[in-house]
Amino acid sequence: MSPYAAPLRDIRFVLDTLLEHRSLALPQYQDLSPDVIDAVLEEAGRVAGDVWAPLNQDGDRHGCRLEGGEVLTPPGFAEAYRAFVEGGWNGIGSDPEHGGQGLPEVVASAVQEMWQGANMALALCPLLTAGAVEALAQHGDEALKARYLEKLVSGEWTGTMNLTEPQAGSDLSVVRTRAVPDGAHYRLHGQKIFITWGEHDCAENIVHLVLARLPDAAEGNQGISLFLVPKRLVDAQGRLGERNDVNCVSLEHKLGIHGSPTCMLGFGERDGAIGYLVGEPGRGLAHMFTMMNAARHKVGIQGIGVAERAYQQALAYARERVQGRVPKSRSGGPATLIEHYDVRRMLLSMRARLEALRALALLSASEMDIARHAESTEARERAQQRVDLYTPIVKAFSTDQAVDIASLAVQVHGGMGYIEETGVAQHLRDARIAPIYEGTNGIQALDLVTRKLQRDRGAALNSVLDEVAACAASLADDPELAAWGRALRDGVDDTRRALDVVLERAADAEKGHDALQALATPMLDLVGHVLCAWQMGRAALRARAALQDGHEDTAFYRAKLASAEFVLCHWLPRGRAQLAAIEAAPALFDAPL
Ligand SMILES: Cc1cc2nc3c(=O)[nH]c(=O)nc-3n(C[C@H](O)[C@H](O)[C@H](O)COP(=O)(O)OP(=O)(O)OC[C@H]3O[C@@H](n4cnc5c(N)ncnc54)[C@H](O)[C@@H]3O)c2cc1C
């Protein structure tokens, strides 16, 4: 079992130095101080490392079991989840009006990374609850909110997201689950597959948010409504009653996240599962998007968390394993893996990318705080445009990179990496789902090029690129960092060129759709690299200033400069290489397969 230590020093650097606690400048957070946030991070790191992380490998080995309709989670999961709820962690980012602690999203996201790094399978449970809270808070009526929100916010009850059916995966317009009016509520009939934490033994009730069709509903997206279906019915006083007609039919056997029960749920196998309409009829997909956008950001963070853990394990192994000798020009003696430059290359590549991805994800979280709470409409709208732009990138780019980082962690272990006992293979297996669920990464790339970049003709991206170019200019002003500045400037130029191609292709009414599909993933990859490089350019400027000012933490800032150099000079060119694929004629994909 490998230990996990929350990357507190780097998280603090992002919050204090890169973001300068900008969320705390909002009137909403005027009573919060950096010291309070620091204490929250410290304690979350302790719980994640001491309570959740030790259960991770056993959870993978035991997996979940379905017995007599009940799902049993791995040993220790229920206790660890209850400790999390009792510690008040579930609602740290939720509105105090519903019993939450109302901390900024940027803090909740930083803490979220720790749960995901410690135990991704268990952390999925509160991740989905958080999405359910958001959807209900925004779209539920007062009666539903009064009955369900507080328990979901505290985590005493957990939430799920029920979209997928056998014929409806990426394309939810063909959802078939039916909802029939029955007095004050509805009766649901249908089957949902792949429902994460759809049934379990960690909480006394589960609140399912379910996409279904009313009897007279139109075909397609417009005919889909959103319903709340509790596992156990709840009376007007909030007391738990009998079990609803929703059951776990089977559990999936998966590549990873074995500790997370992935359920096939049957609704209405007897007389119909009682459900309540959330929001307006026919607006279910739009309402569900509230939940999905929050969850997409969190899945990006999840990728960073699990990849950080894989990195920590690889680093520890590389420090211990003796293999080969160091070159004579150094000592010529027996070498641990970490003394070989090719292994150092892998480790630096993992660490540097993680730092860049973390900085970008937390930047996006801080924009969420501004979008919700800034005083001026203009500031809120501008921040929301950035959140909309960043969300598919944080989701897809972070999770693609996470799989690669976890794969490199296996590589650092050599043959032992491929052996399950070592435990590092689990991180790769666990990470592999993140590019698939919450909208596949292909769907995220399409969201970027067909919606986010089209609706304002690239204005939000261009305004971010102006800031990236300013950072490149600041780097270029420092003789030591000038080459990094040129690299970043080139990245900006390539992205502007790529954006032109995206807009030109979209204008072709006949072939536009296929042409955009052909370049969508390369475009997301290019933008992801450039935005991450921007964050590391900013980090380099701060690190240089700290070293010049004689800051005592020289080891940290020197390491930060090394990470920045790796990102800007070794890794960014890989992203820039995507321009060739973006500019290439899409006709290649007419080729026979
Ligand atoms: C472990 C696990 C947990 C899950 N948890 C949940 C959950 O809690 N709730 C829930 O509702 N669902 C859940 N899912 C379902 C998950 O969200 C879907 O698997 C995912 O959305 C993809 O749908 P699909 O599997 O049907 O793949 P498909 O839609 O068949 O896609 C297959 C491939 O084709 C591509 N593709 C599909 N359509 C297009 C298109 N129009 N244009 C271009 N490319 C396209 C995709 O990008 C993908 O690469 C979970 C799945 C797993 C495996």
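The values are calculated or read from the model by the stated rules, or taken from the named source; none is laboratory data. Everything numeric here is computed off the predicted structure, so don't read it as measured data. Reconstructed Cβ throughout: ideal geometry from the backbone, glycine too, with neighbour counts over all protein chains shown. SASA here: full protein model, heavy atoms, side chains in, ligands and nucleic acids out. Shrake-Rupley method; radii C 1.70, N 1.55, O 1.52, S 1.80 Å.
Looking across the range 49-71, the residues that are surrounded by fewer than 17 Cβ atoms within 10 Å (Cβ to Cβ) and touching a residue at least 60 places away in the same chain (Cβ under 8 Å) come down to ARG61, ARG65, LEU66, GLY69, GLU70.
Looking across the range 132-165, the residues that are surrounded by fewer than 22 Cβ atoms within 10 Å (Cβ to Cβ), in a helix (DSSP H, G or I) and not basic (Lys, Arg) come down to GLU134, ALA137, GLN138, GLU142, ALA143, LEU144, ALA146, GLU150, SER154.
In the set (1) within 14 Å of the ligand (Cβ to nearest atom); (2) surrounded by fewer than 24 Cβ atoms within 10 Å (Cβ to Cβ); (3) in contact (Cβ under 8 Å) with a residue 24 or more places away in the chain, the condition left unmet by ALA168 is number (3). Contact annotation: residue pairs with Cβ atoms under 6 Å, 6 or more positions apart or on different chains, pairing a residue in the range 130-150 that is within 13 Å of ASN90 (Cα to Cα) with a partner that is open to solvent by 40 Å² or more (accessible area, probe 1.4 Å) and not in a helix (DSSP H, G or I), are GLU150/GLY99. Condition check for PRO74 on (1) assigned to a loop (DSSP other than H, G, I, E, B); (2) under 24 Å from ALA294 (Cβ atoms): one failure, at (2). Checking the structure you have, find out if any residue of the range 98-118 is assigned to a helix (DSSP H, G or I) and free of Cβ contacts under 8 Å to residues at least 24 places away in the same chain. Within the range 98-118, none of the residues are assigned to a helix (DSSP H, G or I) and free of Cβ contacts under 8 Å to residues at least 24 places away in the same chain.
Residues are listed down the side, and each one gets a yes or a no for (1) in contact (Cβ under 8 Å) with a residue 24 or more places away in the chain; (2) within 16 Å of the ligand (Cβ to nearest atom); (3) out of contact with any His (no Cβ under 8 Å at 6 or more places or on another chain):
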site: PRO435; (1), (2), (3): yes, yes, yes
site: VAL449; (1), (2), (3): yes, yes, yes
site: ASN462; (1), (2), (3): yes, no, yes
site: GLU467; (1), (2), (3): yes, no, yes
site: ALA470; (1), (2), (3): no, no, yes
site: ALA483; (1), (2), (3): yes, no, yes
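Evaluated against (1) closer than 21 Å to ALA562 by Cβ; (2) outside any helix (DSSP H, G or I), ALA487 falls short on exactly one condition, (2). Of all residues in the range 317-336, none that is closer than 21 Å to PRO3 by Cβ and part of a loop (DSSP other than H, G, I, E, B) has its Cβ atom under 6 Å from the Cβ atom of a residue that is open to solvent by 80 Å² or more (accessible area, probe 1.4 Å) and aromatic (Phe, Trp, Tyr), 6 or more apart or on another chain.
The set of residues in the range 171-201 that are open to solvent by 10 Å² or more (accessible area, probe 1.4 Å), touching a residue at least 12 places away in the same chain (Cβ under 8 Å), small (Gly, Ala, Ser) and not in a strand (DSSP E or B) contains only SER173.
A quick yes/no check of all residues on (1) polar (S, T, N, Q); (2) open to solvent by 20 Å² or more (accessible area, probe 1.4 Å); (3) assigned to a helix (DSSP H, G or I):
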site	(1), (2), (3)
ALA286	no, yes, yes
PHE289	no, yes, yes
ARG296	no, no, yes
ILE301	no, no, yes
GLY305	no, no, yes
ARG309	no, no, yes
GLN312	yes, yes, yes
LEU315	no, yes, yes
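Restricting attention to the range 253-284, the residues that are within 16 Å of the ligand (Cβ to nearest atom) and either over 20 Å from GLY198 (Cβ atoms) or open to solvent by 20 Å² or more (accessible area, probe 1.4 Å) (or both) total 5.
For the structure I just gave you, tell me whether GLU204 is away from the ligand (no atom under 13 Å from the Cβ), open to solvent by 20 Å² or more (accessible area, probe 1.4 Å) and out of contact with any Phe, Trp or Tyr (no Cβ under 9 Å at 6 or more places or on another chain). In short, no. Picking from residues in the range 423-433 that are touching a residue at least 40 places away in the same chain (Cβ under 8 Å) and away from the ligand (no atom under 16 Å from the Cβ), the one that is nearest to LYS395 (Cα to Cα) is VAL424. As a summary of the residue check, THR129 satisfies the conditions (1) over 16 Å from PHE227 (Cβ atoms); (2) open to solvent by 10 Å² or more (accessible area, probe 1.4 Å) except for the one numbered (2).
Go through the range 349-369 and give me each residue that's farther than 17 Å from VAL464 by Cβ and open to solvent by less than 50 Å² (accessible area, probe 1.4 Å).
Result: SER349, MET350, ALA352, ARG353, LEU354, GLU355, ARG358, ASP369.
Scan the range 501-516 for residues that are over 29 Å from the mean Cα position of the chain (by Cα) and either of a type outside the set (Lys, Arg) or exposed (fewer than 14 other Cβ atoms within 10 Å of the Cβ) (or both) and the total you get is 7. Here GLU242 passes the criteria (1) in a strand (DSSP E or B); (2) within 16 Å of the ligand (Cβ to nearest atom) except the one numbered (2).
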